[in-house]
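Since the structure comes first, as structure tokens, the remarks are kept for the end.
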Amino acid sequence: MSEAVHEIAHDATHEAAHSAKGEAKLIGLLISILALFLAVSEMLGKSAQTHGLALNIEASDTWNFYQAKTIRQTVLRATLDSAKLAAATRGPEADKQFSAWQATIDRLESDPAKNEGRKELLEKAKDVEHHRDEAFAKYHAYETSSLIIQLGIVLASVALLSSAMVFAYAAAVLGGVGLLVLLAAYTNFAPVMALLH
């Protein structure tokens, strides 16, 4: 009788060890998959951050160009106004100079040919700022995704050490949420991006 009990106990122990090895392999696979998603999220996050910084510089340069045009236009307007007031007698040369100054003032206000007038620069600066804000929103979404995935890796590691599968299930759920945030950032899915912004 003792031999039969011993045999049953041995079989149960063997099955438990085999089952634990299978669970450990699944948890190891889960950790590997989460690490892969983490690497992708980090890479895309850095890319979005770099793009956002480049757009920030471009927006700053565009606003500086806009301000330079505004200053130049203001100086020319003041010069034109002063010259008109100072001219006691207006001759053809004065009128020609006044017309040239006015044409420059008008070109500084809007220059569709070169796309460098104040009007065009204002639109460009606002557009660049919009794209910059989108890039930084993506960057923050990727960072959020990375955090969620990292928490999943931690829980999966706890599951591996403790053999408590509840941690593995929680890790899988966190990994899924992190992946959804990653995909939302990559595809610029507006509802999720609005929640993260």
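Can you spot a residue in the range 133-140 that is modelled with pLDDT of 90 or more, touching an Asp or Glu at 6+ places or on another chain (Cβ under 9 Å) and not in a loop (DSSP other than H, G, I, E, B)? No, the range 133-140 has no match at all.
Quick check on my filter: what residues within the range 71-101 are at pLDDT below 75 and either in contact with a Phe, Trp or Tyr (Cβ under 7 Å, 6 or more places away or on another chain) or among the basic types (Lys, Arg) (or both)? Talk me through it step by step, then tell me what you get.
Restricting attention to the range 71-101, the residues satisfying the condition of being at pLDDT below 75 are 85-91.
Scanning the range 71-101 gives a single hit, ARG90.
For first residues located in the range 112-130 and in contact (Cβ under 8 Å) with a residue 24 or more places away in the chain, partners that are assigned to a loop (DSSP other than H, G, I, E, B) and of a type outside the set (Ser, Thr, Tyr) and lie 6+ apart or on another chain with Cβ distances below 6 Å form the pairs GLY117/ASP111. If you go through the range 138-169 and keep only what is buried (at least 18 other Cβ atoms within 10 Å of the Cβ) and among the hydrophobic types (A, V, I, L, M, F, W, C), you end up with ALA141, ILE148, ILE149, ILE153, LEU155, ALA156, ALA159, LEU160, PHE167, ALA168. Only one entry in ALA48, ALA78, ALA141, ALA137 is out of contact with any Ser or Thr (no Cβ under 8 Å at 6 or more places or on another chain) and without any contact (Cβ under 8 Å) to a residue 24 or more places away in the chain, namely ALA78. Within the range 162-197, the set of residues being at pLDDT 85 or above, under 15 Å from the mean Cα position of the chain (by Cα) and aliphatic (A, V, I, L, M) comprises VAL181, LEU182, LEU183, ALA184, ALA185.
The values are calculated or read from the model by the stated rules, or taken from the named source; none is laboratory data. Since the model is a prediction, treat every value here as computed from it, not as a measurement. Quick reminder, even Gly has a Cβ in these numbers, built from the backbone with ideal geometry, and neighbours come from all protein chains shown.
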